[in-house]
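Presented below is the structure to which this report refers.
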Amino acid sequence: MADGGSTDATAAIAARSPQVRLVTSCRGRARQMNTGARAARGDILVFLHADTRLPDGALAAVGAAVSDPGVVAGRFDVRFDNPRRVFRMIAWFMNQRSRWSGISTGDQAIFVRREPFEALGGYPDIPLMEDVELCRRLKRRGHLAALRLAVTTSARKWEREGVTRTILLMWALRFLYMAGVSPVRLHRWYYGHKA
């Protein structure tokens with residue numbers, strides 16, 4: 001578990017589980033994930049956000065996916081921890097968009113072979129869209145598997161910010177990033193402060 005200086009109970013929660021190794025890093029998702037990758041020992045890296053849970057059989061599914069030498073990385077389908085119909089629909093569209101574009105988000109628990117990950121320098125050190133940019137770069141190196149097995153992620157942001165607002169925000173951020181707007185500027189807009 002890579003912690004970027006949280007002030008909540010993250011360290012205490014990690015300490016309760018002997019199989020979890022806690023490493024600390026500078027703030028920022030890309031920096032935290034790169035720190036975690038350096039500390040990991042395996043040839044396959046699975047990046048799991050703290051508010052996302054792997055399903056039973058996840059590691060076997062990753063192993064089966066990367067048994068194909070053409071697969072350099074992949075992701076899971078996603079579902080939300082809120083069973084409301086609107087969240088099932090959002091998850092369906094997220095999964096279809098990702099399957100069609102080959103671009104994943106961190107909520108989908110991206111996995112990647114260590115060699116291409118390290119060859120690319122890991123996650124790009126940008127404050128937002130690090131997952132999108134990593135996938136764009138990985139697509140040039142091989143196939144990205146889209147597993148139908150679903151991780152469960154928190155609907156908290158969607159519930160707090162509102163479904164329509166969050167959808168519009170996510171699409172606007174993605175469009176602006178693809179149009180060349182700086183991730184630092186997007187981060188400031190998204191979070192309301194400097195990266």
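The values are calculated or read from the model by the stated rules, or taken from the named source; none is laboratory data. This structure is a prediction, so every number in the text was calculated from the model and none was measured. FYI the Cβ positions are ideal-geometry reconstructions off the backbone, even for glycines, and counts take in every protein chain you see. For the accessible areas, the whole protein counts, side chains as well, though only heavy atoms, and no ligand, DNA or RNA atoms are used. Shrake-Rupley method; radii C 1.70, N 1.55, O 1.52, S 1.80 Å.
Quick check on the range 157-195: of everything there that is of a type in the set (Gly, Ala, Ser) and under 20 Å from the mean Cα position of the chain (by Cα), which residue is least open to solvent (accessible area, probe 1.4 Å)? Per the stated criteria, the residue is 172.
When only residues in the range 41-61 that are among the charged types (D, E, K, R) and without any contact (Cβ under 8 Å) to a residue 40 or more places away in the chain count, which is surrounded by the fewest Cβ atoms within 10 Å (Cβ to Cβ)? Applying the filter and picking the extreme gives 41.
Would you confirm whether or not the range 30-40 contains a residue that is of a type outside the set (Phe, Trp, Tyr), part of a loop (DSSP other than H, G, I, E, B), within 17 Å of the chain's Cα centre (by Cα) and surrounded by 20 or more Cβ atoms within 10 Å (Cβ to Cβ)?
For the range 30-40, residues of a type outside the set (Phe, Trp, Tyr), part of a loop (DSSP other than H, G, I, E, B), within 17 Å of the chain's Cα centre (by Cα) and surrounded by 20 or more Cβ atoms within 10 Å (Cβ to Cβ): absent.
Just so you know, in the range 182-195 the residues that are in contact with a helix residue (DSSP H, G or I) (Cβ under 9 Å, 6 or more places away or on another chain) and aliphatic (A, V, I, L, M) include one that is modelled with the lowest pLDDT, and it is 195.
Where helices (runs of 4 or more DSSP H) sit wholly within the range 67-147, those with at least 2 residues that are closer than 18 Å to residue 36 by Cβ and among the acidic types (Asp, Glu) occupy 114-119, 130-139.
Of all residues in the range 149-165, those being touching a helix residue (DSSP H, G or I) at 6+ places or on another chain (Cβ under 8 Å), more than 24 Å from residue 184 (Cα to Cα) and either acidic (Asp, Glu) or not in a loop (DSSP other than H, G, I, E, B) (or both) number 5. Which of the residues spanning the range 1-25 are in contact with a Ser or Thr (Cβ under 8 Å, 6 or more places away or on another chain), open to solvent by 80 Å² or more (accessible area, probe 1.4 Å) and assigned to a loop (DSSP other than H, G, I, E, B)? 1, the sole residue that qualifies.
In the range 139-154, of all residues being surrounded by 16 or more Cβ atoms within 10 Å (Cβ to Cβ) and over 15 Å from residue 109 (Cα atoms), the one that is farthest from the chain's Cα centre (by Cα) corresponds to 141.
Each residue in the range 10-34 was checked for being closer than 22 Å to residue 191 by Cα and among the aliphatic types (A, V, I, L, M), and 2 of them qualify.
Open to solvent by 60 Å² or more (accessible area, probe 1.4 Å) and of a type outside the set (A, V, I, L, M, F, W, C): does that describe residue 131? Spell out the reasoning first.
On the way: open to solvent by 60 Å² or more (accessible area, probe 1.4 Å): no; of a type outside the set (A, V, I, L, M, F, W, C): yes.
Against the criterion (open to solvent by 60 Å² or more (accessible area, probe 1.4 Å) and of a type outside the set (A, V, I, L, M, F, W, C)), residue 131 does not qualify.
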